[in-house]
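What follows is a single structure, written as structure tokens, with notes after it.
Where a number appears in this text, it was derived from the coordinates with a stated rule and is not lab data. Note that the structure is a prediction, hence the values are computed from the model and not measured. Note that each Cβ is placed from the backbone with ideal geometry, even for glycine, and that neighbours are counted across all protein chains shown.
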Amino acid sequence: MADLAEQRRGRLAAEAKAKAAEAKAKEERAKAKEEKRGRLAAEAKAKEGERQKNIIEASKAYDGIASLLGHFAEASMVGLHTDAVRAKGFATGGGAHVEQPHERDCRVALRRLCRDASAKVAIEGIRTTSKAWRKLAKAALKLARIEKRVEVDTIATKAVPTVQRLMTNLLTTLAGAVESDALWVPEVEVSSVLRLDKRPTPLSARADGALLPKPERHANVVTVSLTAEYKSKLKSLMKAGLAQARQQAAIRLVHLLDLRYYEVVPHPTPTEPLPGRLAAHGFASDGFHLFVVCVEVVYTGEGEGTRPHLVFSKCGPLRLWSKSLMRVAATKGRARKLNWKDCVDVGAPGLVALASLLKASRGVLGDMAYVRPPGLQFWKAVPSKEKREEKQPVKLPLIEEWTHLGSGGASEAYCTTIVVDGEAAHGGAGAEAGADAGGPFVVVKVARHPGASWQTLDEEVCAYQQLCTPTSCPAIPVLEGCATVAAEGDERVAAIILSPGDGSKTVPVREVMNDSDRIVKALLATWSALVALHFAHAKGVVHRDVRGANTVWKEGSKLPTHAMVKAAISAAKAAGFAAAVALLPPPAQLVDWGIASTRHVGAKSVKNDIRQLGTRLLPSLLDAGKWAKVDNTATRSSSIAPARLVRVPASADTVAELLAGGRPKLEKRAKAAAKELFKATSAETALLPVLKLLKYVLT
């Protein structure tokens, strides 16, 4: 029994010892597991901290790039050498800049772009088949023989080719041959808005030329693929020309960066490269040499360590013509006599670079193509029985059936008709092609990038709502509906529908002007704009962009007689503005209220609107502007910008001469009325001068 008890005690002791060992092992495993969990949590926290740090640093890098671009776009750093500029800070470090691998890659890529082998073949084809090329080579030869090329930019006679005229002809010839679906235009304004710390900073610069893909013919940074700057001397080209070309490219890159990173929803992760290429190209030329510049954002590192960098590259000077012509230009025309055929060299690096840039696609040049948005749902707010506004759907044909009218600063304009019968949807997916759209004529404006807050049509909708409530004006379009998109938790207007309001169709005033009634219709458009401004100012709205391009003519409108205008003048003197409008209804409308202001409307704003009738609208319809030598420091923020030829408004005397048409007695009376119009400060004070001018030309 004693042995059995001893064995039992031993067995129990062993079991207890095993249980204790197992409990200890379990405790150690739990402790190890907890330590591992803590270690993994610490590693995850450190990794997340590193990720957040990378995101913050990448975000700061983008902000630094935008800030630096802003300085270049404002031309406050035009004196700094391109290769000495860093993306981090503005200091050059006091020594020579060491080229980084990504900077070298950008420089090599730019040179490779400027040496496209297929461009030389295209130039050879132009030289052998184009009559324009012969005129171009002759113009270059004349320019090379000018002894003092300092004054080239200020010469207005057709006998002497200017740098701007020569380069415009050259680029027009090249663009038409190597890129048929493109248009080269002179004298454009590129502008954008830089948003840092929620403060918008407008940026603007004037380019001597720009490439516009068709049919987007409006010169706006959204559509401009390439910009150019011209100078009369190589020295000023290398100094001011390069800086201004870089400034224009910087503004376009600000625009692209703003759209792709700061504005477009959803926001991309800062440590991930943005989709597409962020780059803008430009060039500067004196008519013989060419510099190509590129401003772009490139990335280094991988994964969470990806960082954006701003790189400025340039290539040049590159000769545009043959070596023989270049020698003539260098000796100021004292070299041996040349034939125009000796001017052309298809292998000239400058010509090859120009053709290469013109052939480059949007993807290479870094632009963003406009895409018509599908599935737009239009609606109109109408009062209900409960005295509340209800959204009533507005039906339009398929968007593919709309007719494109043109491109504005932030929108595309189309014309179509409202669907009154059939089961068509609202111009988007599921709409029926060929639906019966026998409704009224309308114009549809679609925002190019509705996700960007400063490119919406919200302000224009506010202006039209204020103008059309509770009554409307026959000289102002009526808002028929709008479509919205969601952006950053808010609704933004993506498109609006406008109609003349009386069932008529409208066309630009210039399209209905002919030699016999050009002056009368120009004055009637001015009268209609005056009626619109009188109504708008009473509603607390100022237009701020009164010009001929913003006027449309109602089809079928009849021209008034001398007796009708005379009666309107008598009614105006006796009973005021409304009486004159009743006797002389406006046959045109003032459109494009996109930059109209409904706030801070004072006497100064009203005065500026009225003054634009005489200084902008009427002269633009009469082609009364003239070329003059002016200082461009107002549009170029650079002290080294030279004087040049630009279009300036006509005076009251010039307008009166055009209105009189060579009739001395009429010219004397027209001058007096024109001067009254130019001095007018309100719609009431401009009423009689406009009617008098109309009466005089109908005499």
With each pseudo-label sitting 7 Å past Cα toward Cβ, what's the Ser472-Glu187 distance in nm, one decimal? 3.6 nm
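If the limit is 23 Å between Cα atoms, which of Lys665/Lys695; Lys235/Lys359; Lys675/Lys695 go over it? Working shown, then result.
Numbers: Lys665/Lys695 14 Å; Lys235/Lys359 29 Å; Lys675/Lys695 16 Å.
As for pairs spanning more than 23 Å Cα to Cα, those are Lys235/Lys359.
Estimate the FRET efficiency between Glu43 and Val382 by the formula 1/(1 + (r/R0)^6), using the beta-carbon distance for r and 41 Å for R0, to the nearest 0.05. Intermediate values should be presented prior to the final figure.
Values: r = 61 Å, r/R0 = 1.49.
It comes to 0.10.
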When the charge dipole of the range 448-581 is computed with +1 on Lys and Arg Cβ and -1 on Asp and Glu Cβ about the Cα centre, the Cα farthest towards its positive end, among Val581, Val552, Val542, belongs to Val581
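Sort 341-352, 687-698 by the packing proxy (mean of other Cβ within 10 Å over each peptide's residues), most packed first.
Details: 341-352: 19.7, 687-698: 22.4.
Packing proxy ranking, top to bottom: 687-698, 341-352.
Nearest 0.05, what FRET efficiency do Thr129 and Arg518 give at R0 = 45 Å with Cβ-Cβ as r? Intermediate results must be reported in sequence, preceding the final value.
Values: r = 38 Å, r/R0 = 0.84.
With R0 = 45 Å, the Cβ-Cβ based efficiency is 0.75.
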Where does each of 492-500, 323-331 land if you order them by average Cβ count within 10 Å, highest first? 492-500, 323-331
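At 0.36 nm per residue, minus the direct Cα-Cα distance, what do Glu511 and Lys142 gain on full extension? Give it in nm, one decimal, please. List each step's numbers first, then the result.
On the way: separation 369, 0.36 × 369 = 132.84 nm, distance 3.75 nm.
That works out to 129.1 nm of additional length.
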Give me a comma-separated list of calculated 3J(HN,Hα) values for the range 526-539, in order, Karplus coefficients 6.51, -1.76, 1.60 applied at θ = phi - 60°, integers in Hz, x for any Gly or Pro. 5, 4, 5, 5, 5, 4, 5, 5, 4, 5, 5, 5, 5, 8
Scalar couplings 3J(HN,Hα) for the range 137-144 by Karplus 6.51 cos²θ - 1.76 cosθ + 1.60 (θ = phi - 60°), nearest whole Hz, x for Gly and Pro, are 5, 5, 5, 4, 5, 4, 5, 5
Quick one: what are the phi-derived ³J(HN,Hα) couplings along the range 442-448, Karplus 6.51/-1.76/1.60 with θ = phi - 60°, whole Hz, x for glycine and proline? 9, 10, 10, 10, 10, 5, 5
Evaluate the distance, in nm, between pseudo-label points positioned 7 Å from the Cα of Ala14 and of Arg544 along their respective Cα→Cβ axes. 9.7 nm
For a quick check: with amide H placed at 1.01 Å from N, whose amide H comes under 5 Å from Tyr230's, ignoring anything fewer than 5 positions away on the same chain? Asp208, Ser285
Suppose the chain between Ala574 and Gln465 were pulled fully straight at 0.36 nm per residue; how much longer would it get relative to their current alpha carbon spacing? 36.0 nm
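On full extension of the chain, what length is gained from Ala2 through Arg663, given 0.36 nm per residue of separation minus the C-alpha to C-alpha distance? Please report the intermediate quantities before stating the final value.
Details: separation 661, 0.36 × 661 = 237.96 nm, distance 14.88 nm.
Between Ala2 and Arg663, full extension yields 223.1 nm more.
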Sticking with the crude label model, points 7 Å out along Cα→Cβ, report the distance from Met564 to Ala32 in nm, one decimal please. 10.1 nm
